[in-house]
Amino acid sequence: MRVHPSQLVTGCLITKDVMGCTKNPIIPKNTLIHPIHIQVLKKFLIESVEVANKLSDGSPFVPEEPVDDEAIETQPYGSIESSEDLTFYDRYLHAVQSYKKWFSDWRAGASLDIKAIREVMEPLLESAVQEKQEIFRLHNYSSSWDYLYHHSVAMSVMASYLAYKMDYEYGEWIQVGLAGLLSDAGMARVDQRVIDKEAPLTEREFEQIKHHPAHSYRLVENIQTLSRPAKLAILQHHERLDGTGYPLGLNHTKIHSYSQLIAVSDMYHAMTSERVYRQKHSPFKVLENVLKEQFGRYDHTVIQVLVKELTNYSTGTNIRLSNNRRAEIVFVDQTYPTRPMIRLEEDGEIYHLKEHMHLHIEEILE
């Protein structure tokens with residue numbers, strides 16, 4: 001949908017790069033709008049932008065009349081009657097909105113309705129395995145104020161996708177996805193003030209957080225349509241192979257493989273998403289950190305699949321760097337998959353990113 005900047009509200013998602021008189025976008029696609037973005041667009045005298053027809057919380061975006069009363073051509077937003085018309089983004093936001101409602105119910109003491117959960121999640125997971133590019137944009141859709149709900153859905157989608165790429169059977173990767181979604185359900189038993197706290201947690205508050213996998217397990221332990229491995233994954237998704245995790249401090253001999261799919265997805269999405277207390281990091285920077293500093297804590301096979309899927313770009317792929325310059329990939333060194341050889345768009349200069357450690361890939365461009 002195309003709208004005037006004055007019609008934008010917090011939570012709108014930019015779906016196409018907003019260009020000015022420079023080669024680099026004023027605001028890149030997949031940016032969630034905040035008030036500062038609206039001010040920037042007005043300063044640059046941008047007449048219209050492309051946005052999604054839903055806000056980050058899943059509610060419809062119905063733009064009001066532009067304040068300058070200019071006639072802006074927009075696409076009408078209406079209810080989607082057929083599920084075949086739903087985009088991946090539609091399904092994703094519907095899942096986030098549904099999870100937010102379920103979480104509120106669990107906090108009030110309601111039991112977990114697995115039938116309702118499957119009706120929402122299974123079509124999303126089935127869509128996700130065909131939408132690789134969307135999966136690695138999930139961190140862009142998350143918002144700091146609704147992070148908990150976005151995070152649970154994103155964990156589900158990513159863990160399921162990784163299981164699919166590791167040749168798990170259909171029923172298995174669906175179970176992994178359901179486990180990913182429900183891993184943080186036990187946060188509904190944690191004091192809301194602890195969840196929302198922006199300052200560092202005290203030791204006592206962190207102890208509350210460390211109990212949430214056990215609370216999650218209690219919510220699902222009697223659900224027959226959830227497999228035993230899925231239930232174990234929910235309980236163990238914060239366990240680490242070297243024994244440094246929680247709540248039980250298990251080592252690699254007692255940790256189920258499903259749990260590592262969720263653990264890696266959890267870590268990746270958390271580090272690449274905007275949080276109340278810190279800004280998000282580039283996916284490629286996160287991968288480098290994982291490969292260098294997290295070795296031995298996570299299943300290396302799962303990490304390698306994540307790296308392979310995210311860096312499966314080819315010669316000619318366009319990218320945006322951390323300094324906001326655009327470039328084209330000209331050679332991929334498999335020894336350094338996150339640091340290929342690139343050609344800068346503006347002057348044609350060749351860089352090998354492994355020799356320029358102050359730079360990293362910010363995102364892949366279509």
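What the table shows:
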quantity: Some residue of the range 79-100 being basic (Lys, Arg), over 26 Å from HIS4 (Cα atoms), open to solvent by 20 Å² or more (accessible area, probe 1.4 Å) and at pLDDT 95 or above; calculated: no
quantity: Condition check for TYR161: out of contact with any strand residue (DSSP E or B) (no Cβ under 6 Å at 6 or more places or on another chain) and farther than 18 Å from LYS308 by Cα; calculated: no
quantity: SER183 being open to solvent by less than 30 Å² (accessible area, probe 1.4 Å) and polar (S, T, N, Q); calculated: yes
quantity: Residue, surrounded by the most Cβ atoms within 10 Å (Cβ to Cβ), within the range 210-226, restricted to residues that are of a type outside the set (D, E, K, R) and either in a loop (DSSP other than H, G, I, E, B) or modelled with pLDDT under 95 (or both); calculated: LEU226
quantity: Residue count for the range 98-130, restricted to those that are among the small types (Gly, Ala, Ser) and over 22 Å from SER160 (Cα atoms); calculated: 5
quantity: Yes/no for GLY177 being in contact with a Phe, Trp or Tyr (Cβ under 8 Å, 6 or more places away or on another chain) and either open to solvent by less than 20 Å² (accessible area, probe 1.4 Å) or not aliphatic (A, V, I, L, M) (or both); calculated: no
quantity: All positions within the range 269-289 that are at pLDDT 80 or above and either in a loop (DSSP other than H, G, I, E, B) or in contact with a helix residue (DSSP H, G or I) (Cβ under 6 Å, 6 or more places away or on another chain) (or both); calculated: HIS269, MET271, THR272, SER273, HIS281, SER282, PRO283, VAL286, LEU287
quantity: Residue satisfying all of: in the range 304-339; in a loop (DSSP other than H, G, I, E, B) and among the small types (Gly, Ala, Ser); surrounded by the most Cβ atoms within 10 Å (Cβ to Cβ) among these; calculated: SER322
quantity: Filter result for LEU232 (at pLDDT below 95, under 24 Å from the mean Cα position of the chain (by Cα), part of a helix (DSSP H, G or I) and closer than 22 Å to TYR164 by Cβ); calculated: no
quantity: Subset of the range 174-200 (residues that are among the charged types (D, E, K, R), farther than 19 Å from TYR268 by Cβ and outside any helix (DSSP H, G or I)); calculated: ASP191, LYS197, GLU198
quantity: Residues satisfying the stated conditions in the range 42-66, i.e. within 23 Å of HIS139 (Cβ to Cβ), of a type outside the set (Phe, Trp, Tyr) and open to solvent by less than 40 Å² (accessible area, probe 1.4 Å); calculated: VAL49, VAL51, ALA52, LYS54, LEU55, SER56, GLY58, SER59
quantity: The range 247-266, subset assigned to a helix (DSSP H, G or I), of a type outside the set (Gly, Ala, Ser) and out of contact with any strand residue (DSSP E or B) (no Cβ under 7 Å at 6 or more places or on another chain), residue surrounded by the most Cβ atoms within 10 Å (Cβ to Cβ); calculated: ILE262
quantity: The one condition in (1) within 24 Å of THR272 (Cβ to Cβ); (2) outside any strand (DSSP E or B); (3) modelled with pLDDT of 85 or more that HIS37 fails to fulfil; calculated: (3)
quantity: Pair list, Cβ < 6 Å and 6+ apart or interchain, from the range 88-117 residues that are farther than 21 Å from ALA128 by Cβ and in contact (Cβ under 8 Å) with a residue 40 or more places away in the chain to residues that are open to solvent by 10 Å² or more (accessible area, probe 1.4 Å) and not basic (Lys, Arg); calculated: LEU112/LEU219
quantity: Which numbered condition PRO229 misses (of (1) closer than 26 Å to LEU138 by Cα; (2) open to solvent by less than 30 Å² (accessible area, probe 1.4 Å)); calculated: (2)
quantity: One residue from THR202, THR225 being of a type in the set (Val, Ile, Thr) and farther than 22 Å from SER160 by Cβ; calculated: THR202
quantity: Residue that is modelled with the lowest pLDDT, among those in the range 118-136 that are open to solvent by less than 30 Å² (accessible area, probe 1.4 Å) and out of contact with any Phe, Trp or Tyr (no Cβ under 7 Å at 6 or more places or on another chain); calculated: PHE136
quantity: Tabulated pairs, the range 346-357, first at pLDDT below 90, second open to solvent by less than 90 Å² (accessible area, probe 1.4 Å), C-beta under 8 angstrom, 6+ apart or interchain; calculated: GLU346/ARG325; GLU346/ARG326
quantity: Counted residues, the range 270-303 - those being hydroxyl-bearing (Ser, Thr, Tyr) and open to solvent by 50 Å² or more (accessible area, probe 1.4 Å); calculated: 2
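The values are calculated or read from the model by the stated rules, or taken from the named source; none is laboratory data. Treat the numbers as computed from the prediction; the structure is a model and nothing was measured. Don't worry about glycine lacking a Cβ; one is built from the backbone with ideal geometry, like all the others, and counts go over all protein chains shown. The accessibility values were calculated without ligands, DNA or RNA, using every heavy atom of the protein model including side chains. Shrake-Rupley method; radii C 1.70, N 1.55, O 1.52, S 1.80 Å.
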